[in-house]
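In what follows, a single structure is set out as C-alpha cells and then discussed.
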Amino acid sequence: MTSTNTISTQLREDTRDLHLAAERSPFMQSFFRGQVGREIYCHMLARLQQVYALIEKYHTQHADHPVLGKMYFPELFRVEAMQQDLAFFNHTPAQNGEMTEATRSYADRIEWLANNWPAGIIAHQYTRYLGDLSGGQMIKKVVKRAYSLADERGVAFYNFADVPDIPAFKERYRQAIDSLPIDDSEKQRLVDEANLSFRHNIALFNELDTETKAG
Ligand code: HEM
C-alpha cells in the first residue's frame, strides 16, 4: 500500500493543477497541433538548455551535499543532448549567455537556491526531468512528426541513453526522494518550489506562444 504522505506522492498530487495548466497552455496546445515552427522549437530548447545547464552545474557542485547530493543522477543530464539537437537544427546559440525575461527569472531562481537553499534545486529537477521521462516520450513523437525527422537525429533530448529502464529509474528516483533526510516543513517547501518551477515553465511557454503568434 502506498502511503499518502510520502514526498513523491505529495509532489505528484500537489502539482497536479499546475501540471494541467502547463499541458493546456496555449503554447503546448499549438505544439501538439504541429503549429510550432522549427525556429520557435529551437528557441524553447535553447532557453531550457540555459536552465538545465544551471541545474546540472549545481547538482555536480553539490554532489556531496547532505540532501541535494542524494539526488545526484548524472544519467539524467540533458545539456549535451540538447546541444546535439540544436546543432542538428543549425540553431545559433545566444551570445554571451543572453536570456529572455522568462528564462532569466527561472535561471535567477535556480541561482538563488544554489546560494541559499541548495536542496530546493531538487524541486526543479523533479519538475523537468521526471516530466521529460514521462510526457516527454509523447512529445518526442510530436517533434518527429512536426519536423519530419526520419530517425533519432534531432530528438536526443528525449532519449535517455543512460536510463535504459525508465519505469525502474522512476521508481528508484521516488525511493531516493522519499528517503531524503528532511523534516515535514522542508518537504512542504519542496512541494511549493515544484509548483514555482511549473510556473516558471508556463511563463517560458507563454513567451514562446507570443512569439509563435507574432510570427
Ligand atoms: C502537453 C504536455 C504534457 C503531457 C501530455 C504530459 C503528460 C504526462 C503524463 C502522461 C505523465 C504521467 C506519466 C506516468 O504516470 O508515468 C506526466 C508526468 C509528469 N509530467 Fe507531464 N506532461 C506534459 C507537460 C509537462 C510539463 C510542461 C512539465 C513540466 C514542466 C511536466 C512535468 C511532469 C512531471 C514532473 C511528471 C511526473 C509526475 C509524477 O509522477 O510525480 N509535464 N506527464
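If the condition is being crowded, with 16+ Cβ neighbours inside 10 Å and either within 11 Å of the ligand (Cβ to nearest atom) or in a helix (DSSP H, G or I) (or both), then the stretch 146-168 contributes 146, 156, 157, 158. Does any residue of the stretch 71-85 turn out to be more than 12 Å from residue 158 (Cα to Cα), within 15 Å of the ligand (Cβ to nearest atom) and in contact with a helix residue (DSSP H, G or I) (Cβ under 9 Å, 6 or more places away or on another chain)? Yes: one or more hits. Is there a residue being in contact (Cβ under 8 Å) with a residue 24 or more places away in the chain and more than 27 Å from residue 186 (Cβ to Cβ) anywhere in the stretch 62-79? Looking through the stretch 62-79, at least one residue is in contact (Cβ under 8 Å) with a residue 24 or more places away in the chain and more than 27 Å from residue 186 (Cβ to Cβ).
Exactly one residue out of 197, 134 is surrounded by fewer than 16 Cβ atoms within 10 Å (Cβ to Cβ), hydroxyl-bearing (Ser, Thr, Tyr) and within 13 Å of the ligand (Cβ to nearest atom): that is 134.
With respect to being farther than 15 Å from residue 129 by Cα and more than 16 Å from the chain's Cα centre (by Cα), residue 46 falls outside the description. Scan the stretch 169-183 residue by residue and report those that are away from the ligand (no atom under 12 Å from the Cβ) and surrounded by fewer than 15 Cβ atoms within 10 Å (Cβ to Cβ). Matches in the stretch 169-183: 172, 175, 179, 181, 183. If you go through the stretch 1-56 and keep only what is assigned to a loop (DSSP other than H, G, I, E, B) and more than 10 Å from the ligand (Cβ to nearest atom), you end up with 1, 2, 3, 4, 5, 6, 33, 34, 35, 36, 37.
Among residues of the stretch 23-46 that are closer than 20 Å to residue 157 by Cα and among the polar types (S, T, N, Q), none has a Cβ under 6 angstrom from a residue that is within 11 Å of the ligand (Cβ to nearest atom) and part of a helix (DSSP H, G or I) at a sequence gap of 6+ or on a separate chain.
Evaluated against (1) assigned to a helix (DSSP H, G or I); (2) over 27 Å from residue 38 (Cβ atoms); (3) more than 10 Å from the ligand (Cβ to nearest atom), residue 143 falls short on exactly one condition, (2).
Rule-based calculations on the coordinates, nothing more; no lab input. What you see is a predicted model; the values in this text were computed from it and never measured. Note that we place each Cβ from the backbone using ideal geometry, even for glycine, and neighbour counts take in every protein chain shown.
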